[in-house]
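Written below as structure tokens is the structure these notes are about.
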Amino acid sequence: MKWRGRRQSTNIEDRRGARGAPGGFRIPMGAGRRGKRAGVGGIGLIVIIVVALLFGVDPSTLLSGLSQQSGPHSVQTPGQNSAQSDEQRDFTAVVLADTEEIWARIFRDQLGQTYQEPKLVLFNDAVRSACGQASSAVGPFYCPGDQKVYLDLGFFQTLSQRFGAGGDFAAAYVIAHEIGHHVQTLLGISRQVHAQRSRVSRAEGNALSVRQELQADCFAGLWANQTQRLNNVLEEGDIDEALRAANAIGDDTLQRQSRGTVVPDSFTHGTSAQRQRWFKRGWETGRIESCDTFAASTL
């Protein structure tokens, strides 16, 4: 992705270096599905949970069946040198600026509305938001309570080194997905999903979450389409990078890696194939109406 020397968003709130939770964030090990205490044997396995939580996968689903160790474990963010961190900060600001430009156009031209830009908060280790306190272990997330995206830049290193989903456009896809949740908040979609989930079973609620997350994937693809048309910034292999990232964090792939089995009723974000399919739909059409996952008969 051609990003150097381009406009950066001013909606970056840099909290790196600020104090988070004393001593880091700890994951309490609860009861697993088989009645055992689900422990995590080292940071290599914890990283699976980090990526799963990026897109809301239930940690207990992933922890079930793993080798046990007693007690909670601290999760630490991989260290980065200052130059790399500054470059990633600049990259993130450019991608955010692109999302602002594209979604402003889509809201105006396709929806007849005005787009409200979110803030993107950079943090290390832990952060407090309107949705509560969270650690780097949860990965990037969007909080509708304050309409901000939260990101520890160390996540991109994890995504690349542990899951083979590196590249700048894989990182751009992650950011664009979270901005997709902001779009859902502005359009009232998130509120409707939340209300419906409170009235249905857990399995039905999970199915609604899958449709919501796949729509955010589609919105990320839509953004890629529009920013390429307007700015011509994509390079060969960029879309493949995004698709590899989507494949890496599919519910079925994560469950198969962590426990060896797949439980479709517990899916909250969709399979790897579904995530790739909906990103590609947004990429190929460039139209927001093509991303209506809630009306789709098949995902």
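Each reported figure results from applying straightforward, stated rules to the coordinates on display, with no laboratory input. Since we're looking at a predicted model, the values are computed, not measured. Ideal geometry is used to build each Cβ from the backbone, glycine not excepted, and the neighbour counts take in all protein chains shown.
Projected label points at Gln116 and Arg4, each 7 Å from Cα along the beta carbon direction, are separated by 3.8 nanometres.
Among 205-211, 195-201, 8-14, sorting by the average number of other beta carbon atoms lying within 10 angstrom of each residue, highest first, gives 205-211, 8-14, 195-201. Descending by average beta-carbon neighbour count within 10 Å, the peptides 178-188, 230-240 line up as 178-188, 230-240, the highest first. Taken one residue at a time, the phi angles of the range 184-193 give Karplus couplings (6.51, -1.76, 1.60, θ = phi - 60°) of 4, 5, 5, 8, x, 5, 4, 5, 5, 5 Hz. Gly and Pro are set to x.
Sorted on the mean count of surrounding Cβ atoms within 10 Å across their residues, most packed first, peptides 95-101, 213-219 read 213-219, 95-101. Amide H to amide H distances under 5 Å link Lys119 with Val149, where only residues 5 or more positions off or on other chains count and H is placed in the peptide plane. Model label points for Arg15 and Ala104, set 7 angstrom from Cα along the Cα-to-Cβ axis, are 2.6 nm apart. Let me make sure I get this right: for the range 197-246, a, b and c are the square roots of the gyration tensor eigenvalues over alpha carbons, sorted descending. Under 1.5 in a/c it's rounded, otherwise prolate if a/b > b/c, else oblate. Which is it? Oblate, since a/c reaches 1.5 and b/c is not below a/b.
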